[in-house]
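First up is the structure itself, then whatever we jot down about it.
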Amino acid sequence: MSFLDLVKKRRSTRNFSSTPVDRGKLKRCLEAARLAPSACNGQPWRFIVVESVPLREILAERAFSGVHSMNAFAKKAPVLVAVVTLPTRSPAAFAGLLRRFSYPLIDIGIACEHFVLQATEEGLDTCWLGWFNERAVKKILNLKREERVHILLAVGCGSGAQSGEKKRKSLLEISEFR
């Protein structure tokens with residue numbers, strides 16, 4: 001499959017089956033994320049793969065309750081990956097302060113995209129989640145105060161067919177040549 005075909009195939013899934021995810025596939029997704037580029041090679045990430053049923057159920061229940069319940073579908077995903085943003089003292093972090101810009105967040109985004117594209121290659125389905133109770137997630141995973149969880153990835157096998165083609169703006173709407 002070409003890279004463009006892979007990108008076209010990847011989509012956000014909100015209906016997961018209970019089929020367990022092979023750990024080898026998860027490790028290849030983590031390897032793809034590990035190889036992502038980052039500003040000044042800071043690699044400001046850590047991926048916590050939550051596959052144990054009791055921990056995943058507690059995490060999902062607390063992460064996706066109350067005002068965060070719009071993402072309650074993720075409770076059915078057999079794997080949740082907490083993407084932890086680590087504090088960094090790289091030159092990029094300093095430059096980001098001057099520009100009021102977060103290079104680590106860009107780095108995390110690139111690493112997560114590598115993860116989900118590899119997941120697609122592995123025949124897995126994913127959904128990025130940015131709306132969840134971060135405080136509860138940090139407490140359950142026993143994270144340090146300075147560590148942040150900006151993204152949770154729901155990973156598994158989708159249940160049911162995906163509907164139609166992705167709705168995207170045309171190339172003319174999003175680009176220009178000068």
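Laboratory data are not the source of any read-out in this text; all were calculated from the coordinates shown. In this text, all values refer to a predicted model and were calculated from it rather than measured experimentally. Because the Cβ atoms are built from the backbone with ideal geometry, glycine has one as well, and the counts that use them run over all protein chains shown.
A few comments on the model shown:
- Trypsin sites (Lys or Arg not before Pro) within region 143-173: DSSP coil, no more than 13 neighbouring Cβ in 10 Å: 144, 145, 166, 167, 168, 169
- Residue (of 53, 108, 93) at the positive-pole extreme of the chain, dipole from beta-carbon charges: 93
- Across the chain, the longest piece that holds none of the chymotrypsin sites (Phe, Trp or Tyr not before Pro) lying in DSSP loops with up to 16 other C-beta atoms within 10 Å covers 1-100.
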